[in-house]
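Before any comments, here is the structure.
The values are calculated or read from the model by the stated rules, or taken from the named source; none is laboratory data. These numbers come from a predicted model, not from an experiment. Glycine gets a Cβ as well: all are built from the backbone with ideal geometry, and neighbour counts include every protein chain shown.
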Amino acid sequence: MNKTIETILQHRSIRSFTDQRLTEEEIRVLVESAQSASTSSYIQAYSIIGVTDQSKKRELAALAGNQPYVEKNGHLFVFCADLYRHDKIAGNKGEDVKASLEGTETFMVSVIDAALAAQNMAIAAESMGLGICYIGGIRNDLEKVAEILKTPEYVLPLFGFVVGHPANPSSKKPRLPFEHIYHENTYNVDEGDFQKHLTAYDETISSYYENRTNGKRADKWTEQITQNLKEPKRTYMHRFVKEKGFNKR
């Protein structure tokens, strides 16, 4: 096993950082690492907004559910699906490509491109001894986020991404069993296998929480996920995505 794989397998979200800011060189290395990710048809349909203004970080932290690490970190990035430049390029060449830009396929490409770039950044950051945490909470109110970041049409903020020097490293959270993730040739719908692996995973997660909280918490993964999905979340999203020019067709 090489050091890159060791870095990937040791990932854990960090939610407590020192006051040390990232240097300009570190920021550039991280962004260039993100840019080195695969991109569908070379479209590069994403942008990254670095937020250094402390008042903006404070606002975003509040929108994300009052998560203090959105405000207090080494650097805050916001990854966006971005087709703005593509619309401008086509317009400058006298072409109308809105039917393509507003299609579901292009929407998926832009979201996938951004996610691939972010994960490249995550691995780069962790290889540098930094900690990271994805911030999906900014999607609680993307209209306000778009206002704060002044994102134009065809630019859709997707998630925040905090990086910094870890203050209190967390423990690694167990993932689903290999057999639940990897299917060979066809999707495995064997009910016996399905339940067996989930039961084992529930026991693993319950023990993880019990040890982490000194017995204050011991919920199972299946219970946690069921509660999480009982009520639809962020139901404004369908409307907002279309208003920003995405996924209209």
Please specify each residue of the range 141-194 satisfying the condition of being of a type in the set (Ser, Thr, Tyr) and more than 20 Å from LEU60 (Cβ to Cβ).
TYR154, SER170, SER171, TYR182, THR186, TYR187
Hits in the range 219-247 - residues which are touching a helix residue (DSSP H, G or I) at 6+ places or on another chain (Cβ under 6 Å), surrounded by 15 or more Cβ atoms within 10 Å (Cβ to Cβ) and assigned to a loop (DSSP other than H, G, I, E, B)
LYS220, PHE246, ASN247
Can you tell me how many residues in the range 140-189 are under 22 Å from THR235 (Cβ atoms) and among the aromatic types (Phe, Trp, Tyr)?
1
Across (1) over 30 Å from GLY103 (Cβ atoms); (2) surrounded by 10 or more Cβ atoms within 10 Å (Cβ to Cβ); (3) at pLDDT below 95, LYS216 clears everything bar (2)
Can you tell me which residue within the range 142-174, out of those that are touching a helix residue (DSSP H, G or I) at 6+ places or on another chain (Cβ under 8 Å), among the charged types (D, E, K, R) and not in a helix (DSSP H, G or I), is nearest to ALA99 (Cα to Cα)?
GLU153
Check whether at least one residue in the range 125-140 is buried (at least 18 other Cβ atoms within 10 Å of the Cβ) and either part of a loop (DSSP other than H, G, I, E, B) or more than 19 Å from the chain's Cα centre (by Cα) (or both), and report yes or no.
yes
For the structure I just gave you, tell me whether VAL189 is part of a helix (DSSP H, G or I) and aliphatic (A, V, I, L, M).
no
Take the residues of the range 58-111 that are among the β-branched types (Val, Ile, Thr) and in contact with a strand residue (DSSP E or B) (Cβ under 7 Å, 6 or more places away or on another chain): which is surrounded by the fewest Cβ atoms within 10 Å (Cβ to Cβ)?
VAL111
Count - residues of the range 175-215 that are acidic (Asp, Glu) and within 26 Å of ARG12 (Cβ to Cβ):
4
